[in-house]
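The values are calculated or read from the model by the stated rules, or taken from the named source; none is laboratory data. Predicted model only: the values in this text are computed from it and were never measured. All Cβ positions, even for glycine, are placed from backbone atoms using ideal geometry, and neighbour counts span all protein chains on display.
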Amino acid sequence: MLFCPPLKDLPIKETSDGVILYIKVTPNAAKSKVGGIKVGPLHPFLKIFIKEQAIDGKANKATIDFLHKLFKHSKSAFTIQSGQLQRSKTILITGLKAKNIIQHII
């Protein structure tokens, strides 16, 4: 049986619009990958390393591409709600439930 921490300890929140995913992106990494769940000052976040540089939105586009492949879900379902110019981002994912996301991040 898979252990699942309480939802409050995960970087996700279910809303009427979809699931909010809190992430922190490190661009210009050697490889695009998940770096685990970390504790932040406001809420937990999913650490993500992205190969692309943060120039002209390349890292943002690569982040959406990476998440779409990670969760095996339509690319159009992912929207950066806040943090376009920061490493800390809030992503809205439509069409998925929290349990679908949890399976891929723990």
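Here residue 59 meets the list (1) surrounded by 19 or more Cβ atoms within 10 Å (Cβ to Cβ); (2) in a strand (DSSP E or B); (3) touching a Pro at 6+ places or on another chain (Cβ under 7 Å) almost entirely, failing just condition (2).
Residues in region 84-106 that are without any contact (Cβ under 8 Å) to a residue 60 or more places away in the chain, within 23 Å of residue 30 (Cβ to Cβ) and either part of a helix (DSSP H, G or I) or not polar (S, T, N, Q) (or both): 1 in all. Taking into account only those residues within region 70-84 that are among the aliphatic types (A, V, I, L, M) and over 18 Å from residue 40 (Cβ atoms), which is surrounded by the most Cβ atoms within 10 Å (Cβ to Cβ)? Checked region 70-84; the qualifying residue surrounded by the most Cβ atoms within 10 Å (Cβ to Cβ) is 77. Only residues that are part of a loop (DSSP other than H, G, I, E, B) and either modelled with pLDDT of 95 or more or touching a Pro at 6+ places or on another chain (Cβ under 6 Å) (or both) were counted in region 18-51, giving 10.
With respect to (1) surrounded by 15 or more Cβ atoms within 10 Å (Cβ to Cβ); (2) touching a Gly at 6+ places or on another chain (Cβ under 6 Å), the lone exception for residue 94 is condition (1).
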